[in-house]
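The values are calculated or read from the model by the stated rules, or taken from the named source; none is laboratory data. Computed from a predicted structure; not experimentally measured. So basically every Cβ, Gly included, is an ideal-geometry build from the backbone, and we count neighbours across all protein chains shown. For the accessible areas, the whole protein counts, side chains as well, though only heavy atoms, and no ligand, DNA or RNA atoms are used. Shrake-Rupley method; radii C 1.70, N 1.55, O 1.52, S 1.80 Å.
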Amino acid sequence: MGMNIFSELDKYSSKLVAITENSEEISYKDLLTEADLLTKKIKKRCLIFILCKNSFESLLGYIGFMRAGATVFLINNSVHKDNLKYLLDRY
C-alpha cells in the first residue's frame with residue numbers, strides 16, 4: 001500500500017492553498033491545522049459522506065478526512081433528499 005499523498009501536504013505549509021469568497025488567503029498550514037482538528041475522533045477506514053459545494057468548509061472536510069484515512073464520498077449539496085436518503089440507508 002502506497003503512502004497517502006494527503007499526509008505529504010505538510011511540506012507545502014507556507015504556500016497558499018485557497019482564497020475564500022471574502023478574499024481571505026488560506027495557507028496549507030492553516031488548512032491542515034483545522035482539518036486535523038476536525039478529524040481527531042474518527043476511525044480510519046470509516047465511510048464519510050460530505051455534502052459539499054465550492055467552499056472552504058468542503059475543502060477542509062475533504063482534506064481532513066482523507067488525511068485521517070477515511071473513505072470519502074463527495075455528494076453535491078443539491079442532491080435530491082430521496083437520493084440522499086437512499087444512500088444513507090444503503091451504506
Selection count where residues are open to solvent by 80 Å² or more (accessible area, probe 1.4 Å), modelled with pLDDT of 95 or more and of a type in the set (A, V, I, L, M, F, W, C), scope the stretch 4-36: 1
Selected residue (criterion: farthest from the chain's Cα centre (by Cα)) from residues of the stretch 17-31 that are farther than 17 Å from Ser55 by Cβ and not polar (S, T, N, Q): Lys29
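Among the residues in the stretch 68-82, are any out of contact with any strand residue (DSSP E or B) (no Cβ under 8 Å at 6 or more places or on another chain) and at positive phi?
Within the stretch 68-82, one or more residues are out of contact with any strand residue (DSSP E or B) (no Cβ under 8 Å at 6 or more places or on another chain) and at positive phi.
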Any pair with Cβ under 8 angstrom, 6 or more apart, that starts in the stretch 43-65 at a residue that is under 15 Å from Asp30 (Cα atoms) and ends at one that is open to solvent by less than 30 Å² (accessible area, probe 1.4 Å) and among the hydroxyl-bearing types (Ser, Thr, Tyr): Gly64/Thr39
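A quick yes/no check of all residues on (1) open to solvent by less than 30 Å² (accessible area, probe 1.4 Å); (2) among the basic types (Lys, Arg); (3) in contact with a Ser or Thr (Cβ under 8 Å, 6 or more places away or on another chain); (4) at pLDDT 95 or above:
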| position | (1), (2), (3), (4) |
| --- | --- |
| Lys40 | no, yes, no, no |
| Cys46 | no, no, yes, no |
| Thr71 | no, no, no, no |
| Ile75 | yes, no, no, yes |
